[in-house]
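Comments concern the structure below.
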Amino acid sequence: MRVKSALNSLSVKMCSLDNSLFIWKRNGKLEGLICIYVDDFLWAGNATFKKCVIDELQKQFLIGSSASESFTYVGLRIKSFSDGITIDQTQYASSLVPVTISSARNMQRKSQLSESEKTAYRGISWATELDGDPHKTRYSI
């Protein structure tokens, strides 16, 4: 709640569709956004957004590391270019190991998943969450 309060004080508004996404507009024009995942911030914006919002947040919160242009964020490899960004899960996807299901277990289709099965399937699910190609998607801002 402390982060949300700090963002509100800087006129950064929570997105109505996703409470982990915060938007900063000036004169009705989008100039920056911040995505928060647990204790990680991912932000994009212009120089004014950096000065008015990011630099102010850094005065209030400990920032462990900062990166731009090319970095990994929650398992996603992000690279920025002058005309947009690429988001790539290739490294994460290549680290996944196949989930083996015995024929006896396969017959138990109505049984609840065990904790180890849930863990294995979560890893696979995470790798397919991006729209389109689960390994690489290109977005332009």
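The values are calculated or read from the model by the stated rules, or taken from the named source; none is laboratory data. Everything quoted here is computed from the prediction, not taken from an experiment. We place every Cβ from the backbone using ideal geometry, glycine too, and count neighbours over all the protein chains shown.
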Item to check | Residues (of a type in the set (A, V, I, L, M, F, W, C), surrounded by 12 or more Cβ atoms within 10 Å (Cβ to Cβ) and more than 16 Å from SER20 (Cα to Cα)) located in region 40-51 | outcome: PHE49
Next on the checklist: Condition (residue is in contact (Cβ under 8 Å) with a residue 24 or more places away in the chain, farther than 28 Å from LYS118 by Cβ and assigned to a loop (DSSP other than H, G, I, E, B)) applied to region 55-70: is it met by at least one residue?
Outcome noted: yes
Item to check | Within region 76-117, tally of residues that are touching a residue at least 40 places away in the same chain (Cβ under 8 Å) and hydroxyl-bearing (Ser, Thr, Tyr) | outcome: 2
Checklist outcome for this item: Filter region 5-39 for residues that are at pLDDT below 90 and not in a loop (DSSP other than H, G, I, E, B); the one that is surrounded by the fewest Cβ atoms within 10 Å (Cβ to Cβ) is TYR37
Item to check | Within region 52-74, tally of residues that are within 30 Å of ALA93 (Cα to Cα) and either surrounded by fewer than 14 Cβ atoms within 10 Å (Cβ to Cβ) or outside the structural domain of SER95 (by TED's automatic domain parsing) (or both) | outcome: 10
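For region 1-46, give me each residue that is in contact (Cβ under 8 Å) with a residue 60 or more places away in the chain and polar (S, T, N, Q).
Within region 1-46, no residue meets the criteria.
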Checklist entry - If you take the residues in region 94-141 that are of a type in the set (Asp, Glu) and within 30 Å of ASP83 (Cβ to Cβ), which one is modelled with the lowest pLDDT? => result ASP131
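Does ILE54 satisfy being farther than 19 Å from PHE71 by Cα and within 19 Å of the chain's Cα centre (by Cα)?
So ILE54 fails the test.
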Item to check | Matching option when the condition is modelled with pLDDT of 80 or more and part of a strand (DSSP E or B), among ILE85, ILE78 | outcome: ILE78
